[in-house]
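Asks: First the structure, which I've put down as structure tokens, then a few questions once you've had a look.
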Amino acid sequence: MASEDATAAAGAAIVKRSIAIAGHRTSVSLEEAFWRELKKLAKQRGRSVSALVAAIDAERRGANLSSAIRVFVLEVLVARQ
């Protein structure tokens, strides 16, 4: 149980990364668990993480980019169930 708690805590740590969107660099802060899933989704779609984030950015409506990414990842994972 303690090992599972430590793993969950590690996935909850916020990680800030720089991403290029439409030729501009921007910083995105996400939990490590979301970065892992975002990378998997990008690979499955044959895209770079930057290209996938650019597509998410183009579709977001008023939400900040980090929130839009989290919702995107969550919606994909829920749809798979």
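The values are calculated or read from the model by the stated rules, or taken from the named source; none is laboratory data. Computed from a predicted structure; not experimentally measured. Every residue, glycine as well, gets a Cβ built from its backbone with ideal geometry; the counts of neighbours run over all protein chains shown.
Each row is one residue, and each column tells you yes or no for (1) of a type in the set (D, E, K, R); (2) modelled with pLDDT under 95; (3) surrounded by 13 or more Cβ atoms within 10 Å (Cβ to Cβ).
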site	(1), (2), (3)
1	no, yes, no
18	no, no, no
23	no, yes, no
34	no, no, yes
44	no, no, no
49	no, no, yes
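Asks: Ok, one more. Scan region 58-70 for residues that are farther than 21 Å from residue 12 by Cβ and either loosely packed, with under 13 Cβ neighbours inside 10 Å or modelled with pLDDT of 95 or more (or both) and jot them down.
Replies: Residues of region 58-70 farther than 21 Å from residue 12 by Cβ: 58-62.
Within region 58-70, 58, 59, 61, 62 meet the criteria.
Asks: Taking residue 39, is it over 19 Å from residue 15 (Cα atoms) and not acidic (Asp, Glu)?
Replies: Details: over 19 Å from residue 15 (Cα atoms): no; not acidic (Asp, Glu): yes.
Here the answer is no, as residue 39 does not meet what is asked.
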